[in-house]
Every structure is written in C-alpha cells, then in structure tokens.
Amino acid sequence: MSKRQHVVNNPAPGWSPAGAAFTAFLMRVFPLNDRLSAAGEAIAAAGGQTLARWLVLEQIQDQPAIVADIARAIGHARQGVQRLADLLAESGAAAYETNPRHRRASLLRITPEGIASLRAIQSAQRAWADRMGRELGAAELTRAAKLMGAAERVVAGDLPNLT
C-alpha cells in the first residue's frame, strides 16, 4: 500500500469522518484532473491546438470577445490568455478586430481556419465523451457533476479562511 493510500484509508488521529472522506475525495480528484488534462491535450491535437488554445476558441466561437472577458470565463489569468490569443492570431485561427466600445481592448474573433480547427476538436471530444459516458453511466455522471459543483462552491467560499 502506498503512503498516499495509507493516509486516505487511515487518517491521522483526530480527523472527523467527514474530514477523512473529504481527503479521500481529494485524492481521487487530483489524479483525475491530471488525466483529464492529458486527454484534453490529446483531443485538442485533433485540431492542431493545445487544450488552452481550445478553451479560448470555445469562448469566441459564437461572438468576438476581449481577452479579459475570455480570461474570466475560463478562470485563467488575463496575461496568460493574452499570450494564447496572440498565438492564435499568429497561427491564423483567430484575429483581432477593433472594439467599438473600447479603444484599447481589441476584440478577438475566430477565423474560418479557427472554426475548422475547433470543429475537428469538438468532433473528437464528442466521440470521447460518448465513450466515457457510456462506460460510466449518465445517472452516475449527473450525480458526480452535482457533487463536484457543490464541492467547488464550498471550497471557493472557504478560500479566505485558509490563511
């Protein structure tokens, strides 16, 4: 038994059952996140993109947006999204256009090349999601999604209390 499994299965004395259960939950979430990121990178490669660039293209597929709004929507730092936007523009998958509402904050719009790339990614993701969904079951995934949403809200609400 690995040390990590031992900690989860036999929490330190004084842990409540709820605290031990939350720790066990975390020990499943962290490796799952790593594997989902790896899967996302493989899926994004179907359209010649990375996972991060895919996320940006998803945000502008229906309408152009400023980098700050894209960053907020995907939960990344504006500076990082600016770098991704610049790379997408350099590659021809996106382009900047004048923003009539703000002189300095250009809009990023998807190009026909970006749409083709995004459609290839979305097709690959749809096939993968269908396989995973069949294996895990829709009802189980619905329950898991509710739990993950609740966990995200509780953790986000507690963040100031960690210091």
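Data table
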| item | result |
| --- | --- |
| Matching residues in region 145-160 - criterion: being surrounded by 11 or more Cβ atoms within 10 Å (Cβ to Cβ) and β-branched (Val, Ile, Thr) | Val155 |
| Verdict on Ile70 being under 19 Å from Ala44 (Cα atoms) and of a type in the set (Val, Ile, Thr) | yes |
| Any chance Arg134 is free of Cβ contacts under 8 Å to residues at least 12 places away in the same chain and within 24 Å of Ala44 (Cα to Cα) | yes |
| Yes/no for Leu32 being under 20 Å from the mean Cα position of the chain (by Cα), crowded, with 17+ Cβ neighbours inside 10 Å and part of a helix (DSSP H, G or I) | no |
| Residues being crowded, with 16+ Cβ neighbours inside 10 Å and either in contact with a Phe, Trp or Tyr (Cβ under 8 Å, 6 or more places away or on another chain) or of a type in the set (Lys, Arg) (or both) - total across region 93-144 | 6 |
| Sole exception among (1) within 26 Å of Met148 (Cα to Cα); (2) surrounded by 13 or more Cβ atoms within 10 Å (Cβ to Cβ); (3) over 12 Å from the mean Cα position of the chain (by Cα); (4) not charged (D, E, K, R) for Ala42, by number | (2) |
| For Ala94: the one exception among (1) touching a Leu at 6+ places or on another chain (Cβ under 8 Å); (2) touching a residue at least 40 places away in the same chain (Cβ under 8 Å) | (2) |
| So Arg83, is it under 16 Å from the mean Cα position of the chain (by Cα), over 30 Å from Gly19 (Cα atoms) and surrounded by fewer than 16 Cβ atoms within 10 Å (Cβ to Cβ) | no |
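All of the numbers you see were taken from the coordinates with simple rules; none came from a lab. All values derive from a computational prediction rather than experimental measurement. Neighbour counts run over all protein chains shown; Cβ positions are idealised from the backbone, glycine included.
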